[in-house]
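Participant: Let me begin by handing over the structure; questions about it come next.
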Amino acid sequence: MFKKTILPLAALTLCTVLLVIACSSLISQVYTEIQPGRSGAMRPAVSYDEVLSTVLAARQEKSTRSEISFDTAVMEAPMPDAANDAAAEENRSASYSSTNIQVAGVDEADLIKTDGDCIYALYGNELRIYRAAGAESVLLSRLSLWSESQENASRDACELYLSDGTISVICRDYFWNDEGGGARTVLQLIDVADPIRPSVRSELGQDGYYVDSRMTDGRVYLVSQKGMWYYGPLADPMVIIPCVYNDGVKTALTPDRIFLPEDVTDESFTVLTVTDLAGGVQTDACTVLGSVSTVYMTPNSIYLAATFYDHATGEPYREAQYSVLEHIETRSTTLSVFDLADGLTLRATGAVPGSLLNQFSLDEKDGYLRLVVTEYNYRYRVFTDEAYGFVNYQTDETASGNTNSLYVLDDNLNVVGSLTGLGEDERIYSARFDGDLCYFVTFRETDPLFAADLSDPRAPRLLSELKLPGFSSYLHVYGEGLLFGLGRWADEKTGWAEEIKLAMYDSSDPAALIELASYRLPEDAWYTPALNDHKALLILPEKNLIGFATDKGYYLFAYENGSFVQKALLTDDWERESWYWDCWNTRALYIDEALYLLDEQGLRVYDLNSFAPLCSLRA
């Protein structure tokens, strides 16, 4: 396993395949106007034939433009905002912890859930139900979620929700036949009113592989992406129209629920459904022609975002014996927002330059959407000598590179305020919104932690920039005037990222951020999934406890008297092939005075104060 990793500039990947012969002056060629991969207002289709013709046009256009899809399972952490403060208050009066979420009142799926009495864990296409009773904890039942006898298909049960005696398991189903294959996202509803005898109530599905989901007010919002599996001639539109499924009954979405952008270059569909858990039925469904890479949701709205490569060229001209063509490549993010008051109602679409990191790059407050992006700009010239069949490339280094920006959009997703040109030649590694404040981290060799004031949405102000070695890929408001960061320490000269680093910042004056404490884990604890997945982190400011799994074991820290204090490193004597692989799906929660640690191997229970082992149940 590598103990160090270099963090190259985003542009280097492309530069390595180009022969850079010299730096040039700023390219002055006039470029064709760059358009986002999906732009303009969307409207419902009028017929299936119109959908088909639009898809065929997108397939043709795709040869010159490619969509970037970013994994958001990734590097995400709960959003510190006014709503999150309310969630913290709720947790203080509760006797058990819950999943680390972004927005209060909007739950997120995870591998484990608890109601304070039982723990529901999802591992290996199996639902395990434990009675949580400290040292007397027991495994009550196990339920297989897939019949291996089903031919030409497979299932990956990946996350679950818990609501009023119902477990909702989200599954990725894959199938194949002589004509090809496909993917389907399935919501399996399981009655756990009797945890000893759980039973499957129904299965609801939709075309496409699972992207993300949320749950609020007893309804699950499920987002999937249906790719194009047919690569030959297309004549029948029903071959490509997304469908939903109710216990195997297939229903195609009607044209009025298929939204077509004015300018589309992507032939895949984003499918969005709403499931009422009490009734066990889908209450609404729609689809957008275009990809999705990031999902952000509030109790009233759901935002779908996609990031695209944009490529433009100038008019060719002669230079000596060469024919010269100048190119510019950028990235842009398109946005669609649906209101949730009455099913799914498309409210607006919009676009901004740059690419999002993850869901925590977005935040809604007082009718404004605030977001931070990394803007990528790469310019180069292609020289062709027709006489000798010679082609060469020249990068315009003075006009290529990354910067970072903050944008504020109104209710109709029009840009009304911005801060641009921040963190030159760096990219965003984490972002947190806290009321009228935005904190975000960029990185190259050092870690600039920026603070911005958004109290005036139309005139955001940069308050401070704190530079430190390394970077934070996770930020969390830990209390009044405290901001916690989890990331890596890095060498200031080389940019080599090394040990896992914990940091605590004084944010009482956002205009003068101060690092109060930092802690670097030993080198043999090199990896933690909490760097990329906020749900892998147990963070309890009200109990002054921070926990996460590593490839060495499960660490627990407190912040005391201006320093991080290691409270425990929890390991076991179970036979394991590798802590590295097992730590990926390790989760922890507390109920009353016990800490419960779950992974593929089973359940371990510890005293919440002394962390002495109380019980272990090998799966």
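Values quoted throughout were computed directly from the atomic coordinates according to the rules given, and no laboratory measurement underlies them. Every value quoted in this text rests on a predicted model; they were computed, and no experiment measured them. Please note: Cβ atoms are built from the backbone with ideal geometry, for glycine as well, and neighbour counts cover all protein chains shown.
Participant: Enumerate the residues in the range 159-190 having an amide nitrogen under 13 Å from the point lying 7 Å beyond the Cα of E151 toward its Cβ.
Facilitator: Answer for this model: 176-178.
Participant: Next question, about the same structure. Around D284, with a cut-off of 10 angstrom between Cβ atoms, what is the net charge of the other residues, counting Lys and Arg +1 and Asp and Glu -1?
Facilitator: With Lys, Arg at +1 and Asp, Glu at -1, the neighbours total 0.
Participant: If you don't mind, another one. What is the log10 of I(q)/I(0) for the range 537-619, computed with the Debye formula using one identical point scatterer on each Cα and no solvent, at q = 0.12, 0.19, 0.27 Å⁻¹?
Facilitator: Taken in order of the listed q values, log10 I(q)/I(0) reads -0.33, -0.81, -1.52.
Participant: Work out, step by step, the length gained on full extension between E575 and N412: first 0.36 nm times the residue separation, then minus their alpha carbon distance; give nm to one decimal. Please list the in-between numbers first.
Facilitator: Details: separation 163, 0.36 × 163 = 58.68 nm, distance 5.57 nm.
Full extension of this stretch gives 53.1 nm more.
Participant: What ranking do D266, D573 get, fewest neighbouring Cβ atoms within 10 angstrom at the top?
Facilitator: Going from least to most buried by this count: D573, D266.
Participant: For A41 and A568, calculate 0.36 nm times their separation in residues minus their Cα-Cα distance, and state this gained length in nm to one decimal.
Facilitator: 184.3 nm
Participant: Rounded to the nearest 500, what is the 222 nm mean residue ellipticity of the chain from helices alone, with -39500 (n - 2.57) per DSSP H run of 4+ residues and division by all residues?
Facilitator: -1500 deg cm²/dmol
Participant: Based on other C-beta atoms within 10 Å, arrange W176, W496 from fewest to most.
Facilitator: Fewest to most other Cβ atoms nearby, the residues stand as W176, W496.
Participant: For the pair E542/E315, report the inter-label distance in nm, with labels modelled 7 Å from Cα in the Cβ direction.
Facilitator: Going from the E542 label point to the E315 one covers 6.7 nm.
Participant: If I take every Cα pair under 8 Å that is 6 or more residues apart in the chain, average their sequence separation and divide by the length, what percent do I get for the relative contact order?
Facilitator: Relative contact order here is 14 percent.
Participant: Would you mind counting up the charge near R587? Only other residues with Cβ under 9 Å from its Cβ, with Lys and Arg at +1 and Asp and Glu at -1.
Facilitator: It works out to a net charge of -1.
Participant: Which GluC sites (Glu not before Pro) in the range 316-403 pass both tests, a DSSP loop state and at most 10 other beta-carbon atoms within 10 Å?
Facilitator: E386
Participant: To the nearest 0.05, what FRET efficiency results for D592 and W176 with a Förster distance of 35 Å applied to their C-beta separation? Walk me through the intermediate numbers first.
Facilitator: Working: r = 48 Å, r/R0 = 1.37.
The computed FRET efficiency comes out at 0.15.
Participant: Still on this structure: Among L234, L362, which comes first, second and so on when ranked by fewest other beta-carbon atoms within 10 Å?
Facilitator: L234, L362
Participant: If you don't mind, there's one more thing I want to ask. Using the Cβ atoms and a cut-off under 10 Å, what net charge is assigned to the surroundings of Q206, where Lys and Arg are +1 and Asp and Glu are -1?
Facilitator: Counting the neighbours of Q206, the net charge comes to +1.
Participant: Scattering from the C-alpha atoms of the range 450-577 alone, worked out with Debye: what is log10 I(q)/I(0) at q = 0.12, 0.14 1/Å?
Facilitator: Log-scaled intensity ratios, in q order: -0.50, -0.67.
Participant: Students often get this wrong, so try it: which of (1) 24.3, 73; (2) 25.3, 84; (3) 38.7, 163 is Rg and Dmax of the Cα atoms in Å as calculated from the structure shown?
Facilitator: Structure-derived value, by its label: (2).
Participant: To the nearest 0.05, what FRET efficiency results for A517 and I196 with a Förster distance of 45 Å applied to their C-beta separation?
Facilitator: It comes to 0.45.
Participant: Using θ = phi - 60° and the Karplus form 6.51 cos²θ - 1.76 cosθ + 1.60, what ³J(HN,Hα) does each residue of the range 197-207 get, whole Hz, x for Gly and Pro?
Facilitator: Values, residue by residue: 10, x, 9, 6, 7, 6, 10, 10, x, 7, 5 Hz.
Participant: Compute the distance from the alpha-carbon center of the range 514-534 to that of the range 346-379, in whole Å.
Facilitator: One Cα centre to the other: 27 Å.
Participant: Work out how much length D276 to D385 would gain on full extension: take 0.36 nm times their residue separation and subtract the Cα-Cα distance, in nm to one decimal. Before the final figure, lay out each step's value.
Facilitator: Working: separation 109, 0.36 × 109 = 39.24 nm, distance 6.39 nm.
Computed gain between D276 and D385 is 32.8 nm.
Participant: Find the percent of Cα-Cα distances in the range 376-470 that exceed 19 Å, and round it to a whole number.
Facilitator: Values: 2443 of 4465 pairs.
Roughly 55 percent, once rounded to a whole number.
Participant: Over the Cα atoms of the range 239-371, what Rg and Dmax result, in angstrom?
Facilitator: Here Rg and the maximum Cα pair distance are 19.4, 74 Å.
Participant: Within 10 Å of each candidate Cβ there may be at most 16 other Cβ atoms; applying that plus a DSSP loop requirement, which GluC sites (Glu not before Pro) in the range 496-557 survive?
Facilitator: E523
Participant: Check each of the trypsin sites (Lys or Arg not before Pro) in the range 547-619 and keep only those in coil by DSSP with at most 16 other C-beta atoms within 10 angstrom; list them in order. If you can, show how the numbers build up before the last one.
Facilitator: Numbers: sites: K552, K567, R576, R587, R604, R618; in loops: K552, R576.
For trypsin sites (Lys or Arg not before Pro) across the range 547-619 that sit outside H, G, I, E and B with at most 16 neighbouring Cβ atoms in 10 Å, the list reads R576.
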